[in-house]
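A short worksheet on the structure shown next.
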Amino acid sequence: MKMNEELKNTLLGPLSKNNPISVQVLGICSALAVTVEMKPALVMGVSVMIIVALSNVVISLIRNTIPNSVRIIVQLVVVAALVTVVSEFLKAFAFDVSVQLSVYIGLIITNCILMGRLEAFAMANKPWASFLDGLGNGLGYAIILVVTAFFRELFGSGSLLGYRIVPQSWYEAGYVDNGLMMLPSMALILLACIIWVHRAVDKELQEK
Amino acid sequence: MNFIKKIIDRVKPTFSEGGKLAKLHSLFDAVETFLVVPNETTKNGVHIHDAIDSKRTMFTVIIALIPAMLFGMWNVGYQHFIAIGQEVGFFAEFAFGFLAVLPILLVSYIVGLGIEIVAAQIRKEEVAEGYFVTGFLIPMIVPIDTPLWMVAVATAFAVIFAKEVFGGTGYNIFNVALITRAFLFFAYPTAMSGDAVWVRTRDAFWWGAGEAVDGFSGATPLGQIGVAETSTPAFHDIMGNPIGFWDAFIGWIPGSVGETSTLAILLGAIVLIVTGVASWKIMLSVFGGGAFMALIFNLWGPDTAIAHLPWYEHLVLGGFAFGAVFMATDPVTAARTETGKWIYGFLIGVMAVIIRVLNPGYPEGMMLAILLMNVFGCLIDWFVVQANIKKRLKRVNSK
């Protein structure tokens, strides 16, 4: 029973109390870059989730055989292989989105969340726990991305997932989409707002 | 006055703690301190205050802004009736401009003060006076045709994110009015630039409607020079008549509401300097920096029209004078040390002209220059203070 509780924390902790973006403030760069619209944000979130989970498993399996002095290189090789697979997959089956995401799929290799989880968790835990940890962190990352993208796409282009939400009659009445939402600076302010709300709700996160 | 005092004293318990309307105590405080001096003594800390508190300072700034505001209102009407080809006389022009500017002023105050009161309520503080100037500045630095809902959104954004999250009046890093304008500029660029927004061609409160006459062009001088080829074009007003330095100095040209008239702005500057509210060092060094950089571009600049613009034209066009007198001198965001003020102002002038000349996307650089230097204000102060400490240490050690 105790074991189960721990595993549950490993999976669900990163969604809120230990969120990689809003609490650990990692992976901000990609969160600003891919959240102009919901679709690329979703794809990016899922890609990161798959890559973190799988690389966590792989590294956890071989954690006892990796020499300590070259562990970063080994981790990078594993991540790079998975990133390449995901990138090729996207190019084959979702070419439009992969064009929109451009270099950011490739740059998952340098995402701090990945290296952080590998170093902090997978190197010291069993494969199943590592898998759940990767899944949870990827999900926590994806949630923040999607929430940010929701507001940016709604107010920046008046649509969600490409479907028009703001009716044409509003535009004729003088409504204008907010161009600042399309700029990364506004994404940073939105992230700050998410962190603000998160901390206001979860009192444990507030500094004394 | 006694009459007002009696009413306030009678309703005060209702708004105090335990009273029926205690939730609205911030609103009550705001009205009370606006009308009378509250009958409260300091309970701890400093007991002797200067008579010139922040309320009086703010009021002096408002008085200094009034010439530019009145001129701006008249100019709105003046440009409007030229554009629709009617002659109505001075007072009708002013009345039209007044009616056109009034809604923006009201929206700015209602939205901004509303947020201030809510924030003060949450923090359990008094409502600070800081917004009175900001709310007055906002309608002066936007084009007259800015839709009111955009003003409301931008004001709310600026007051919340540039002021309240940093701790309210006196703690903001950036000039709140300029953040409002920057938000409008980046969020709704079509409503803030181009040549269709600076002169009102529609009516104000169903009055003064008309069609723009043939040959009308609402481009500002800086807008005109932005699209010019290599040599400096002769500026022209909205009907194509040539205008020169003195027209721009007096200010009967299209532009943001309160920023066109360098003359009216200088009147305000005199008020600010005589009362000691704003720093003459910052004003002078902004103009100096702008002139210096413009001269450099004249001598070695790229071969574009705006690089050839003489230095004295830079100082009277666009928002340069308004920014130098009313925005750069904002005591909260500017440098505080005396040497720092010279550096701070000079760099604002330099940056404004650099942005104007080198970035074709931004025909006006004053807003961005001041916001940029707001960030560096504290850093400049730090270096000035450190230099002073070092100098004095040397004196001690040499003995």
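The values are calculated or read from the model by the stated rules, or taken from the named source; none is laboratory data. These figures come from a predicted structure and were not determined experimentally. Neighbour counts are summed over all protein chains in view; Cβ atoms, including those assigned to glycine, are modelled from backbone coordinates with ideal geometry. With ligands, DNA and RNA removed, areas are computed over all heavy atoms of the protein, side chains included. Shrake-Rupley method; radii C 1.70, N 1.55, O 1.52, S 1.80 Å.
The table below lists the values:
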read-out	value
Wholly enclosed helices (runs of 4 or more DSSP H) of region B:140-215 bearing at least 3 residues modelled with pLDDT of 90 or more and not basic (K, R)	B:148-158, B:176-187
Filter result (buried (at least 20 other Cβ atoms within 10 Å of the Cβ) and charged (D, E, K, R)) within region B:344-399	B:R356, B:E364
Extreme residue, surrounded by the most Cβ atoms within 10 Å (Cβ to Cβ), among residues of region B:180-201 that are more than 9 Å from chain A (Cβ to nearest Cβ) and not hydrophobic (A, V, I, L, M, F, W, C)	B:T180
Candidate set: region A:173-182, residues that are open to solvent by less than 50 Å² (accessible area, probe 1.4 Å) and not in a helix (DSSP H, G or I); chosen: the one farthest from the other protein chains (Cβ to nearest Cβ)	A:D177
Breaking point among (1) under 13 Å from the mean Cα position of the chain (by Cα); (2) closer than 30 Å to A:Y175 by Cβ, for A:Q100	(1)
Answer from A:W170, A:W196 - the residue that is more than 23 Å from A:C29 (Cβ to Cβ), open to solvent by 90 Å² or more (accessible area, probe 1.4 Å) and within 14 Å of chain B (Cβ to nearest Cβ)	A:W170
Matching entry among B:F287, B:F249 (being closer than 22 Å to B:P139 by Cα and in contact (Cβ under 8 Å) with a residue 60 or more places away in the chain)	B:F249
Residue pairs meeting the criteria (Cβ under 6 Å; at least 6 apart or on separate chains; first in the same structural domain as B:T155 (by TED's automatic domain parsing), in region B:89-112; second open to solvent by 40 Å² or more (accessible area, probe 1.4 Å))	B:E93/B:Y78; B:L99/B:F205; B:P103/B:L148; B:V107/B:L148
Residues satisfying the stated conditions in region B:57-93, i.e. farther than 23 Å from B:V325 by Cβ, aromatic (F, W, Y) and open to solvent by 40 Å² or more (accessible area, probe 1.4 Å)	B:F90, B:F91
B:V101 more than 17 Å from B:I253 (Cα to Cα) and in contact with a helix residue (DSSP H, G or I) (Cβ under 6 Å, 6 or more places away or on another chain)	no
Only one of A:S98, A:S185, A:S130 that is farther than 27 Å from A:L11 by Cβ, part of a helix (DSSP H, G or I) and away from chain B (no Cβ under 14 Å)	A:S98
Residues located in region A:29-48, provided they are part of a helix (DSSP H, G or I) and open to solvent by 40 Å² or more (accessible area, probe 1.4 Å)	A:C29, A:K39, A:L42, A:V46
Test: residue in region B:287-302 that is of a type outside the set (D, E) and under 19 Å from the mean Cα position of the chain (by Cα)	yes
Any hit, region A:70-93, residues being crowded, with 16+ Cβ neighbours inside 10 Å, touching a residue at least 60 places away in the same chain (Cβ under 8 Å) and under 18 Å from A:T35 (Cα atoms)	no
